[in-house]
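Before any comments, here is the structure.
Here, each number is a calculation from the coordinates, and none is a lab measurement. Everything numeric here is computed off the predicted structure, so don't read it as measured data. Note: ideal-geometry Cβ built from the backbone for every residue, glycine included; neighbour counts use all protein chains shown.
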Amino acid sequence: MSSNMWIRQIHRWLSIAFTIAVIANIVALTMQIQATWIGLLAFVPLIPLLATGLYMFAQPYLGRRSVNGARS
Ligand code: HEM
């Protein structure tokens, strides 16, 4: 698997972690649980999501190998 494919896979799985963190936030809100760490939980996957997402976004403009790897 090329490094671009690894970046895409990491982004893909981090999106699941982020979704779970958002759901945990909503559950905590509705249960009126006051915990700052739950609020900050979503930032753990969001920061590498931003980095890998911006990397994928930039790839076509950098004129290197396609982000889609074998797919394009
Ligand atoms: C934080 C800023 C983010 C940026 C800059 C970003 C950027 C990108 C880019 C450029 C792509 C590739 C699109 C293409 O195929 O041309 C992508 C794919 C994707 N993004 Fe993001 N994204 C971000 C956050 C998220 C979040 C929050 C989620 C979901 C919770 C998410 C889920 C996905 C998924 C599932 C894909 C498809 C991955 C695949 O092909 O397997 N992203 N994103």
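If r is the Cβ-Cβ distance from Leu50 to Ile20 and R0 is 22 Å, what FRET efficiency results, to the nearest 0.05? Can you show the working numbers first?
On the way: r = 17 Å, r/R0 = 0.79.
According to the calculation, E is roughly 0.80.
Which value in deg cm²/dmol, rounded to the nearest 500, describes the helix-derived mean residue ellipticity at 222 nm for the chain, given -39,500 (n - 2.57) per DSSP H run of n ≥ 4 and division by the residue count? Working shown, then result.
Working: 3 runs with 54 residues, N = 72.
Calculated at 222 nm, the ellipticity per residue is -25500 deg cm²/dmol.
Pick out which of Thr19, Thr36, Thr52 has the largest mean-square fluctuation in a Gaussian network model of the chain, springs linking Cα atoms closer than 10 Å.
Highest fluctuation of the listed residues: Thr36.
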